[in-house]
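Structure, as C-alpha cells:
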Amino acid sequence: MTTGQAIDQETLDQLRATVDRFVAERLIPNEKRVEEEDRIPEEIIAEMREIGFFGLTIPVEYGGLGLNSTQECDIVIRLGRAALAFRSVFGTNVGIGAQGLIMEGTPEQKEHYLPRMAAGEIIASFALTEPEAGSDSASLRTRAVRDGDDYVITGSKRFITNAERAGLFTVMTRTDPDKPGADGISAFLVPGESPGLTVGKKDRKMGQRGTTTSDVIFDGVRVPASAIVGGVPGRGFRLAMKVLDRGRIHLAALAVGASDRLIDEMVGYAKERRQFGKAIAEFQLIQAMIADSHTERAAARALVEKAAAAYDASGAAPLDAAAAKYFASEAVGRIADRAVQVHGGAGYMAEYAVERIYRDVRLLRIYEGTSQIQQIIIARHLLRN
Ligand SMILES: Cc1cc2nc3c(=O)[nH]c(=O)nc-3n(C[C@H](O)[C@H](O)[C@H](O)COP(=O)(O)OP(=O)(O)OC[C@H]3O[C@@H](n4cnc5c(N)ncnc54)[C@H](O)[C@@H]3O)c2cc1C
C-alpha cells in the first residue's frame with residue numbers, strides 16, 4: 001500500500017495554519033517579484049525546506065511528513081491560492097519525482113534518496129515525455145541497453161519540470177526493444193550529475209513564470225542495473241501510470257486552490273468597482289458569473305475529495321483521479337475566464353492577479369495527461385464494465 005501514513009489531526013491542523021500564514025504573508029506578497037524575475041527567491045525556497053514542503057508525502061521513516069492523498073490535497077488546495085510557480089519548486093519531490101521511488105523502490109534506493117529529498121537537498125524530476133512521445137507515452141524511444149552489470153541510456157526527454165536543478169531523474173526507458181509498448185519499459189534512477197546527461201536551455205512558457213522545464217539529453221549515460229526502480233525491469237510504464245494516478249488528484253486539488261483565489265479576486269473587485277452609480281456586484285449578470293464559479297469550484301472540490309478518499313482506501317483510483325483532474329482543470333479555466341471578465345479591461349492588465357492566473361492555470365489541462373486523455377481513461381473504464 002502506498003497511500004502514506006495519515007498524520008494525526010493536531011499535526012495536520014498545525015500544518016494547515018502554517019501553510020495559510022506562509023501563503024498570505026510570504027507567497028502572495030512575492031508573486032509580482034516572481035513574475036518579473038522568472039525565478040523563486042532563494043530565501044523562500046529555504047523557508048519551504050524549513051516548513052517541510054519537500055517531504056510532504058515522503059514517509060515519516062525517511063524524514064518526510066507522510067501525508068496521505070486526502071491530507072496532501074487539503075494542503076495543496078491552500079497552496080493553490082498563491083502563484084502556482086511556488087508549488088512547482090517542491091511539487092516534483094511531493095509528486096511525480098518521488099512517488100515511483102516511494103511506491104516501488106528497494107529499501108536501499110529509498111534509504112539512499114528519500115531523506116535528502118524530504119529535506120529539499122535533492123530535487124527529483126520525472127522524465128517520461130519525449131519529442132515524439134507525449135500523450136502516447138508508451139511509444140517512448142529512449143533506450144537503456146544492458147552492458148555487463150550496467151545499462152547505457154540514450155535518448156531525449158522533453159518539457160521536464162525542474163530538470164535545471166534536479167539531483168535525481170526517474171527516467172522511463174525502453175529496456176526491451178522487442179516489446180514496442182508498455183511491457184518493454186523500465187524506470188531508472190539517474191543522478192543529475194551523471195556523465196553524458198545534459199539539461200537543455202530553459203523553455204519560454206505562456207505562464208507559471210518562476211517554474212522551469214527543459215529538454216534532458218542522455219548520451220550514453222551509464223547506470224548500474226541496481227538503478228532500476230524496484231530492481232525489476234519491465235515495470236516502468238505501469239509505475240509511471242500509478243505515479244500519475246496520484247499526481248492527477250494533486251493537480252486537481254491545485255486547480256481548486258486556484259479557483260478559490262480567483263473567486264476571492266472576482267468578488268473583491270465586483271464589490272469595489274462602481275459603474276452606473278453602483279457597485280458592479282449589484283448587477284445580476286456579474287452575480288451569475290460569481291455563482292457559476294462557486295458552483296463549479298464546489299463540484300471540483302467534491303471530486304477531489306472523493307478521488308483522494310478512494311486512493312487512500314485502496315492505493316489506486318484511476319477513474320476518480322481522471323474525473324477529478326478533467327473537471328477541476330477545465331473548471332478553473334472557465335473560472336479564470338470569468339474572473340478576467342468581471343475585472344473588465346483591468347482583467348487584461350498585468351497589474352491584476354487574474355491576468356497572471358488566467359495564463360498559469362492553462363497548463364493544468366495539459367500536463368500529467370491532457371483533458372482528452374482523461375476523457376479516454378474515463379470512457380475506457382465505463383465501457384469495460
Ligand atoms: C510546463 C510543462 C511541464 C511538464 N512537465 C513534465 C515533466 O516533468 N515530466 C514529463 O515527463 N512531462 C512533462 N510535461 C509533458 C506533458 O505531460 C505533455 O506535454 C502532455 O502529456 C501532452 O503531450 P504532448 O505535449 O506531446 O501533446 P500531444 O500528445 O502531441 O497532444 C496534442 C493534442 O492531441 C491530443 N491527443 C493526443 N492523443 C489523443 C487521442 N488519442 N485522442 C484524442 N486526442 C488526443 C491531446 O489531447 C492534445 O490536445 C510537461 C509539459 C508542460 C507543458
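When the test is whether a residue is touching a Lys or Arg at 6+ places or on another chain (Cβ under 9 Å) and touching a residue at least 24 places away in the same chain (Cβ under 8 Å), G196 passes it. For K201, the criteria (1) more than 18 Å from the chain's Cα centre (by Cα); (2) in a strand (DSSP E or B); (3) of a type outside the set (S, T, N, Q) hold in every case but one, which is (2).
Kindly check whether there is at least one residue in the range 158-165 that is within 25 Å of F90 (Cβ to Cβ) and either part of a loop (DSSP other than H, G, I, E, B) or of a type in the set (G, A, S) (or both). Looking for residues that are within 25 Å of F90 (Cβ to Cβ) and either part of a loop (DSSP other than H, G, I, E, B) or of a type in the set (G, A, S) (or both), one finds at least one in the range 158-165, hence yes.
If you filter the range 114-135 down to residues that are surrounded by 22 or more Cβ atoms within 10 Å (Cβ to Cβ) and part of a helix (DSSP H, G or I), you find that the one that is nearest to the ligand (Cβ to nearest atom) is M117.
If the condition is being aliphatic (A, V, I, L, M) and out of contact with any Gly (no Cβ under 9 Å at 6 or more places or on another chain), then the range 24-64 contributes A24, L27, I28, I44, I51. Within the range 294-326, the set of residues being open to solvent by 60 Å² or more (accessible area, probe 1.4 Å) and among the hydrophobic types (A, V, I, L, M, F, W, C) comprises A313 only.
In the range 140-156, is there at least one residue being touching a residue at least 12 places away in the same chain (Cβ under 8 Å), within 13 Å of the ligand (Cβ to nearest atom) and assigned to a strand (DSSP E or B)? Scanning the range 140-156 turns up at least one residue that is touching a residue at least 12 places away in the same chain (Cβ under 8 Å), within 13 Å of the ligand (Cβ to nearest atom) and assigned to a strand (DSSP E or B). When you look at M206, is it under 23 Å from S371 (Cα atoms) and surrounded by fewer than 16 Cβ atoms within 10 Å (Cβ to Cβ), yes or no? Against the criterion (under 23 Å from S371 (Cα atoms) and surrounded by fewer than 16 Cβ atoms within 10 Å (Cβ to Cβ)), M206 qualifies. Residue check: is A322 within 16 Å of the ligand (Cβ to nearest atom), among the small types (G, A, S) and farther than 28 Å from Q71 by Cβ? So A322 does not fit the description; no.
Residues are listed down the side, and each one gets a yes or a no for (1) open to solvent by less than 10 Å² (accessible area, probe 1.4 Å); (2) out of contact with any helix residue (DSSP H, G or I) (no Cβ under 8 Å at 6 or more places or on another chain):
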| residue | (1), (2) |
| --- | --- |
| P177 | no, no |
| V199 | no, no |
| T213 | no, no |
| I217 | no, yes |
| S226 | no, no |
| G234 | no, no |
| G257 | yes, no |
| A270 | yes, no |
| R274 | no, no |
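The values are calculated or read from the model by the stated rules, or taken from the named source; none is laboratory data. No experiment lies behind these values; they were computed from the predicted model shown. Counting neighbours? That spans all protein chains shown, and the Cβs are built from the backbone with ideal geometry, glycine included. Heads up: the accessible areas ignore ligands, DNA and RNA and are worked out on the full protein's heavy atoms, side chains in. Shrake-Rupley method; radii C 1.70, N 1.55, O 1.52, S 1.80 Å.
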